[in-house]
Structures are given as C-alpha cells and as structure tokens.
Amino acid sequence: MKRRDLLKISALAGLAATTTHASADSCAGDGTPAQFIPKKPADAKPLDNELQKYPKCPYCGMDRQEHHRSRMLVQYSDDLTDGVCSIHCLSLSLGVNIDREPKNIWGPDYGAATEPRPLAPVDTLIYLIGADLKHAMTKKSKHSFASASVAKEFQAKHGGTLGNFNDALRESYLGMADDVAMIRKNREERRKRAAETKKS
C-alpha cells in the first residue's frame, strides 16, 4: 500500500475517533478553538448567588469561596459566564474566548471588611500591582479596591503601584510564563508531599 493511501486511512480514522469523542461529550461546541466555551448555561444575572453557581474555577479547579479576595466573574455578550479564581485565570478566559465580547467583568473589593469580598465592575476599581501581598495564581500581586484612599493605605504599607484594570490585565499577560512555571512547580511539590504522606 502506498504511503499516500496510509495517510488517507490514518486521517479518516482520526476523524472517526474525533467524531465519536465529540458525540459523547456534553458540549457540542467542543474542539479547538471552541473547546473552552464556558460550560454553564447562559446566565442573565451572574451576580445572583455567584459562589453557589460558580464554586470552582474552570481553568485551575480552585475553590472560589476560599479565594474570594481574588475571584472574578466575566459575563460575555451571549450571557455565557466564567467564574474564575483570579485575574490570572480571567486572562485565560478572555484569551481563549477571543471571539466572545465581554459584556461585564467584576472583581473583588480587597479592602472591604466583609466576607466574601463584594464584587464590583472592574472599571470602577483601583488596582494595586506588585505589592507584597499574596495573590492567587501569580507571583506579582494585582489586588483591586473600590476606594482609592484604601488602596493608597495598602500601598503605603505593602508597596506596589496603582493602576486600572487594563494595567493589571496587561501585567497578568506579561507575567503568564513565570506564573505558569510557578504553578507547575507548586503542584509538583504538592504531589510529591502527598505521595510521601501516602507511603508513610
């Protein structure tokens, strides 16, 4: 059999396997680039009970209630919504949903005293970037504040620079390589500790 014929058979087998796999999945739009379409139903009111509706980040699996100080929510123009744990995972959502226009994006007021931290439209928030405050999924913290004066108080104690949402998002994309390397290292260390604990 000629190599060209083998390639044809290989391609047809791959197509059949892909078709079978796609039919078994719950989302008909799976497959690059639509593979990462938000899987939850369209939601016209995503803020209502958002931690119950979006308990886990779809990109890293982290608990959004636990990480309520950094969690975010994006509602796209078709009302599909991603509830994520951080601006790191928000940047992933925006990147893979490049043809889906964001209608609303909300971030937490880190300076609020209540728990969980209330969400507000990101255009109204002030971002403290690069402070010595721990932040989920990133080496360079990017915390959001509803009050400029509170943000400045935190800046005086913890350093960093003030900016807007676009500044923070830009820094998130610029730091993606370092953040991914850090996350991989942390997860590998956790796996090793879990394996050692299991052995003992």
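Side notes on the structure shown:
- As a rough guide to protection, the peptides 133-139, 62-68, 151-157, 180-186 ranked by mean Cβ packing within 10 Å, highest first, stand as 133-139, 62-68, 151-157, 180-186.
- Translational diffusion coefficient (Stokes-Einstein; Kirkwood radius from C-alpha pairs) of the stretch 56-200 at 25 °C, 0.890 mPa s, in µm²/s: 155 µm²/s
- Dimensionless Rg over Rh [the stretch 142-200; C-alpha; Kirkwood]: 1.22
- D123, D109, D78, reordered so the largest accessible area comes first (probe 1.4 Å): D123, D78, D109
The values are calculated or read from the model by the stated rules, or taken from the named source; none is laboratory data. Just so it is clear, the structure is predicted and the values come from calculations on it, not from any experiment. Please note: Cβ atoms are built from the backbone with ideal geometry, for glycine as well, and neighbour counts cover all protein chains shown. Accessible surface is based on the protein model in full, side chains and every heavy atom, while ligands, DNA and RNA are left aside. Shrake-Rupley method; radii C 1.70, N 1.55, O 1.52, S 1.80 Å.
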